[in-house]
1. Which numbered condition trips up A:ARG413, out of (1) over 24 Å from the mean Cα position of the chain (by Cα); (2) more than 18 Å from A:MET322 (Cβ to Cβ); (3) open to solvent by 50 Å² or more (accessible area, probe 1.4 Å)?
2. Give just the number: which of (1) out of contact with any Pro (no Cβ under 9 Å at 6 or more places or on another chain); (2) closer than 21 Å to A:ARG432 by Cβ; (3) crowded, with 22+ Cβ neighbours inside 10 Å does A:GLY339 not satisfy?
3. Which condition from (1) touching a residue at least 24 places away in the same chain (Cβ under 8 Å); (2) of a type in the set (S, T, N, Q); (3) surrounded by fewer than 19 Cβ atoms within 10 Å (Cβ to Cβ) is the one that A:THR376 breaks?
4. Is one or more of the residues making up the stretch B:260-271 crowded, with 19+ Cβ neighbours inside 10 Å and polar (S, T, N, Q)?
5. Restricting attention to the stretch A:181-229, which residues are within 29 Å of the chain's Cα centre (by Cα), under 10 Å from A:MET269 (Cα atoms) and assigned to a loop (DSSP other than H, G, I, E, B)?
6. Of all residues in the stretch B:398-414, which are hydrophobic (A, V, I, L, M, F, W, C) and at the interface with another protein chain (Cβ under 7 Å from one of its Cβ atoms)?
7. When the stretch A:167-186 is examined, which residues are found to be open to solvent by 10 Å² or more (accessible area, probe 1.4 Å), in contact (Cβ under 8 Å) with a residue 60 or more places away in the chain and more than 9 Å from chain B (Cβ to nearest Cβ)?
Amino acid sequence: MNLSFLILLPFVTAIAILFCNGLKQVRTVALIGTAAQFLLSIDLLFVYWKERTTGNNSPFLFDFNYTWFAPLNIHYHIGVDGISVAMILLTAFVVIAGVLVSWTQESMNKEFFFLLLFLSVGAYGYFISLDIFTLFFFLEVAVIPKFLLIGIWGSGKKEYSAMKLALMLMAGSGLVFVGLAGLYYGTNFNGERTFDLLQISQMHINILFQKIFFPFAFIGFGIFTALFPFHTWVPDGHSSAPTAASMFLAGISMKLGGYGCLRVATYLMPEGAHYYAWVIILLSTIAIIYGAFATMMQKDLKYINAYSSFSHCGFVLLGIGMLTQTSINGAVLQMVSHGLMTALFFAAIGMIYSRTHTRMVEQLGGLLKVIPFISTVFVIAGLCSLGLPGFSGFVAEMTVFMGAWQNPDQWYRLATILACASIVVTAVYILRAAGKTVMGPITDHHYNNLSDATWNEKLAAGILIIGIVAIGIAPFWLNQLITPGTEHIMEHVGKAITLK
Amino acid sequence: MGIDFLILMKHEWLLIAIIFILLFIKVGSKEWKNESILNLINILLLFNCIVGFFWNEGGILFNEMFKTDALIAAEKNILNLGTYIISLQSYSWLKNHKHVLEFYMLLLSTLAGMFFMISAGNLLMFYLGLELSSIPLAAIANFDLEKRKSSEAAFKFIISSAFSSGLLLFGISLMYGATGTIIFSELSQQLNGSPLQIFAFILLIAGFAFKISAVPFHLWTADVYEGAPVAVTSYLSVISKGAVLFVFVSVLYEVFKPLAETWYNVLFLLSVLTMIIGNLFAIRQNNLKRFLAFSSIAQVGFILIGISGNSQTGAASVVYFVLIYIFSNLGAFGVISLVSALTGKENIDDYKAFYKTNKLLSWVLAISLFSLAGIPPTAGFFGKFFLLMAGAGQGNYLLITIAALNMIVSLYYYLKVVKAIFMDTNETPIEKITIPSLPKLALFICMAGIVLTGLMSYVYEYIFSLISAF
């Protein structure tokens with residue numbers, strides 16, 4: 001399978017949108033493009049599966065290598081392992097749902113869909129890159145469309161949030177850049193410097209280099225995934241963004257960071273990861289607990305989900321920091337699960353907001369009676385968020401906790417216990433918000449005239465719910481998909497211990 | 001000599017021929033319409049631009065006073081291309097100007113001066129080229145004849161450039177005293193790092209720093225950029241700066257190689273100061289020309305990092321970045337010159353809600369600014385990436401970290417303009433502008449350059465291969 005299609009298809013769709021006129025044409029083209037991409041991603045899953053079952057054991061499949069900038073030994077090198085396939089699927093799910101919920105985007109619809117698809121180009125490219133230059137390239141491609149999406153179509157203090165998001169993410173990529181430069185000059189592959197992920201993984205980078213540059217790379221990627229204390233862009237950015245952009249931001253964009261922490265920082269600098277594991281765990285535990293308590297205080301639905309995303313992404317980093325096979329599996333599961341769940345959550349909030357014109361919990365009430373479908377979706381997203389068995393959140397968090405407990409260090413176990421305890425807080429804020437908005441008496445008589453979800457909204461929610469339930473009920477397929485990838489990473493991390 | 005001498009100096013001859021054609025038109029009795037003169041000039045410049053790519057042999061003339069090779073020819077071609085774009089862009093401004101011919105004669109004289117400077121093989125030739133390139137510039141900085149600001153800009157420019165020339169001359173004479181030669185190839189063998197040589201060298205660097213407006217020698221930049229006509233400002237910021245940077249790289253790498261340690265430290269200091277101060281001042285600007293002046297100061301800071309790499313990648317990345325910088329900066333200036341020629345508005349506040357009325361121009365301006373900020377997939381990303389990678393080759397990661405943090409600051413002010421264009425509301429936005437065909441062509445070239453020079457790796461690889469030739 002030629003993976004470049006994954007980048008080309010959304011790109012061509014984005015260009016095609018520029019030649020359309022009127023909302024109807026634009027959204028039709030966007031839907032066709034994203035649907036094709038969706039099918040392509042599903043196809044990728046099956047093709048990948050087939051390759052693996054026929055005994056292909058190379059760490060990355062379908063790889064394609066083209067020399068891009070020969071003087072610096074930069075390659076356009078792409079390929080996938082199970083982790084990337086999972087992330088690509090996640091992206092396809094969220095993007096098609098995002099297009100569907102923006103179905104009635106009136107103002108500047110052409111630009112809106114163009115930017116949304118351009119954003120997805122960045123995400124797909126990022127997940128298939130095997131050369132850290134290309135990876136960095138696609139990471140930065142995704143920054144400016146977010147700025148424009150939030151700043152133009154957002155709500156509330158949108159300019160402030162857009163600027164904050166763009167600058168903080170740029171700071172993240174600036175740090176990543178320093179990390180990459182350090183890695184590059186720390187490599188020596190047959191006398192040549194290289195950006196190639198596989199080549200770097202085969203050599204041993206000087207421990208001093210790792211100690212210096214691991215923090216750069218990890219914090220840089222960490223900013224994307226709301227590493228405490230660099231999480232402040234998350235609540236503002238998510239709550240100001242239009243629905244589709246929020247879904248993308250929380251669903252995919254934050255996962256870019258987690259993926260990078262795993263794939264670049266931990267995989268390429270395993271000694272660095274061991275050395276700084278306690279810092280990662282400390283920060284992520286703070287993020288989980290602080291995020292959970294901060295969410296309790298929120299009154300705006302979008303802020304609730306934004307802060308809870310901050311808390312949930314802490315689990316991803318916790319899983320990575322614990323450095324056991326199971327915990328890293330859990331981190332990847334949590335990325336996928338949280339991506340789907342939070343996208344669903346934001347979609348539901350967007351649907352509620354477009355009808356009631358408020359997102360304040362206290363002004364909402366009794367929605368189940370008037371818009372039952374949307375309310376159900378909202379409750380499902382909430383239940384998944386608090387980790388109810390049967391949904392993906394439970395599987396992912398459970399795996400993280402189990403994996404974390406496998407790490408024998410006493411302090412790490414304490415962190416695990418504290419992180420576990422935060423689930424109770426999660427239950428409090430989710431149940432409170434869901435109960436107040438969905439149950440009880442109808443707070444405003446205007447709500448009686450609200451219409452329930454349209455076909456496109458039902459379809460969007462349906463796609464995401466299928467994903468969530470598929471992981472929740474049958475987690476083994478996803479687990480099997482990602483395990484070879486995580487095992488490959490753990491192999492490196494394991495070697496690092498013996499070197500010590 | 002013979003034919004050789006014509007072909008090696010082909011770039012210069014062509015320019016001088018064009019200047020003479022213009023002169024004959026001027027003294028001739030026939031009255032030409034401005035439009036037809038401009039069309040003729042643009043055709044001549046296009047011809048000049050194209051011919052520059054052929055017959056590029058290397059060689060040395062006049063006892064090493066003049067030298068040329070494939071890299072120098074490529075640098076001249078880059079400058080030719082930039083001048084052509086600027087000429088296309090200034091169409092709307094010059095259409096109603098009384099002194100079109102004089103403008104072009106002066107402009108092309110400065111370009112010829114830069115060519116001589118790039119090709120210089122000894123310090124005196126270099127100095128002559130530099131003077132030829134800066135004195136006519138002061139005259140055309142004053143080409144908005146009724147504007148007092150324009151005269152002020154020209155005056156400031158001439159004084160500061162005289163001062164920097166003084167420094168350079170002092171440096172040159174000391175260097176001559178210390179080594180007994182002014183020929184580059186002999187000079188590099190005579191350098192041993194004696195205090196007098198270092199002193200002379202620092203004076204030379206100060207002269208260079210003036211020309212490329214590195215901090216703390218940047219004070220003239222903003223005022224001159226603001227006062228001069230947009231065409232001259234863009235010329236100052238890309239062409240004359242680019243030419244001096246080309247010379248700076250080759251002089252440092254070839255002539256002052258023995259003093260590499262000294263100049264590394266100087267460049268480190270200059271680049272940090274230039275980036276930080278350029279960026280911090282750019283944040284506060286409201287006039288777009290001043291804004292781009294400070295942003296161009298900050299860009300020079302990044303270029304200095306690339307130069308400090310002291311390697312083949314360093315030299316290649318500087319030439320490559322200047323090419324990209326020409327496209328990106330001229331893209332931005334192209335929009336500004338159109339708007340300024342039609343409405344006279346030059347402030348960021350005036351550009352609020354620009355997108356509502358001028359979709360195409362807004363995107364052009366935004367993409368140019370993204371390229372300046374170094375956002376992929378524009379070429380600026382690749383340019384900055386290679387500059388910083390070249391700098392990182394020295395192992396000075398402090399410098400790279402400072403640069404990476406400065407990228408954030410620079411992104412902030414570029415995004416401020418983008419925010420004004422796309423997000424702010426305005427009761428009296430700039431009205432719809434119809435773009436004449438020549439400026440449209442210029443904008444098209446810039447956009448194509450911004451997209452293609454980065455993604456197509458051939459350009460960088462080509463430049464890199466030229467550097468290995470020397």
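The values are calculated or read from the model by the stated rules, or taken from the named source; none is laboratory data. Here the structure is a predicted model, which is why all the values come from computation and not from measurement. Every residue, glycine as well, gets a Cβ built from its backbone with ideal geometry; the counts of neighbours run over all protein chains shown. What goes into the accessible areas is simple: the full protein's heavy atoms, side chains included, and nothing from ligands, DNA or RNA. Shrake-Rupley method; radii C 1.70, N 1.55, O 1.52, S 1.80 Å.
1. Exception for A:ARG413: condition (2).
2. (2)
3. So A:THR376 meets the others, but not (1).
4. Scanning the stretch B:260-271, I find at least one residue that is crowded, with 19+ Cβ neighbours inside 10 Å and polar (S, T, N, Q), so the answer is yes.
5. A:ILE205
6. Within the stretch B:398-414, B:ILE400, B:ALA404, B:LEU405, B:MET407, B:ILE408, B:LEU411 qualify.
7. If the condition is that a residue be open to solvent by 10 Å² or more (accessible area, probe 1.4 Å), in contact (Cβ under 8 Å) with a residue 60 or more places away in the chain and more than 9 Å from chain B (Cβ to nearest Cβ), then no residue fits.
Table: residues versus (1) open to solvent by 10 Å² or more (accessible area, probe 1.4 Å); (2) in contact with a Phe, Trp or Tyr (Cβ under 7 Å, 6 or more places away or on another chain); (3) within 10 Å of chain B (Cβ to nearest Cβ).
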| site | (1), (2), (3) |
| --- | --- |
| A:GLY82 | no, no, no |
| A:VAL85 | no, yes, no |
| A:LEU100 | no, no, no |
| A:MET108 | yes, no, yes |
| A:GLU111 | yes, no, yes |
| A:LEU117 | no, no, no |
| A:GLY122 | no, yes, yes |
| A:VAL143 | no, no, yes |
